1. Give the carbon-plus-sulfur fraction of the accessible surface of the chain in %, rounded to a whole number; probe 1.4 Å, heavy atoms of protein chains only.
2. State the antiparallel share, in %, of DSSP beta bridges confined to the stretch 1-153, rounding to the nearest 5.
3. May I ask you to give the average projected area over all directions of the convex hull of the Cα atoms of the stretch 85-139, in nm² rounded to one decimal?
4. Per residue, how many Å² of accessible area does the chain show with a 1.4 Å probe?
5. All other residues with a Cβ under 12 Å from the Cβ of Phe15 taken together, and with Lys, Arg as +1 and Asp, Glu as -1, what is their net charge?
6. Eight or more residues apart or on different chains, and alpha-carbon atoms under 16 Å: count the Lys pairs in the chain matching that.
7. First select every other residue whose beta carbon is under 12 angstrom from the beta carbon of Ala91; then total the charges, Lys and Arg +1, Asp and Glu -1.
8. Give me the percent relative contact order of the chain, please, defined on Cα pairs under 8 angstrom at least 6 residues apart.
Amino acid sequence: MTDEQQSMYEWYVRFYQATASSKTHAEYCERVYGRNLCQQGYSTMKQLDDLLALAKLNSHSTVLDVGCGNGMIAEYLSNKSGAHVHGIDYAAEAIEQAQARTASKRERLTFAAGDMNTIELTARAYNAIIALDTLYFGDLKALVHRLFGALKAGGQLLAFY
């Protein structure tokens, strides 16, 4: 990991530690984004609901959420659609929070720590891959190529960038 990557990783660990119990951040998210899903980017509730409508996710859908953070957005999308969502994030603190919070939903929500640039992806495994404010953490061209290879025929890459 480069010094810059290490610095960013440490920032995210501190972010997820702080926001886990921050009433101020929760209120901020509600006011700015419409609901507290621990956003740190630009994912408003309208954008997430538009994403759901566009993706047409349902209980038969398999979804990969790259850069899922603490999984609150993945959980929201799964709760609304019934989709099976697997989230990956390189911040172990965030993944631990996601796993603890969603333990009763393991049949449709799983989370793992990993770097989206190097994690092994199963070919043609997902109906949708979601990347919300994350694609800039790697070689964009190489990463998008890898992600497309993990999509089922007719699958969609849905990215906020």
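1. On the chain, the fraction of accessible area on carbon and sulfur atoms equals 53 percent.
2. Working: 0 of 15 bridges.
About 0 percent, rounded to the nearest 5.
3. Working: hull surface 17.3 nm².
For the stretch 85-139, the mean projected area of the Cα convex hull comes to 4.3 nm².
4. Working: 8610 Å² over 161 residues.
Per-residue accessible area for the chain comes out at 53 Å².
5. Numbers: positive: Arg14; negative: Glu10, Asp89, Glu93.
Result for the local shell: -2.
6. On the way: Lys46/Lys56; Lys46/Lys80; Lys56/Lys80; Lys56/Lys152; Lys80/Lys105.
For the chain, qualifying lysine pairs total 5.
7. On the way: positive: Arg14; negative: Glu10, Asp89, Glu93, Glu96, Asp115.
After counting each charged neighbour, the total is -4.
8. Values: 264 pairs, mean separation 31.8, N = 161.
Relative contact order here is 20 percent.
The values are calculated or read from the model by the stated rules, or taken from the named source; none is laboratory data. Please read these numbers as outputs of a predicted model, since none were measured by experiment. Backbone-built Cβ (ideal geometry, glycine too); neighbour counts: all protein chains shown. Only protein heavy atoms, including side chains, enter the accessible area calculation; ligands, DNA and RNA are left aside. Shrake-Rupley method; radii C 1.70, N 1.55, O 1.52, S 1.80 Å.
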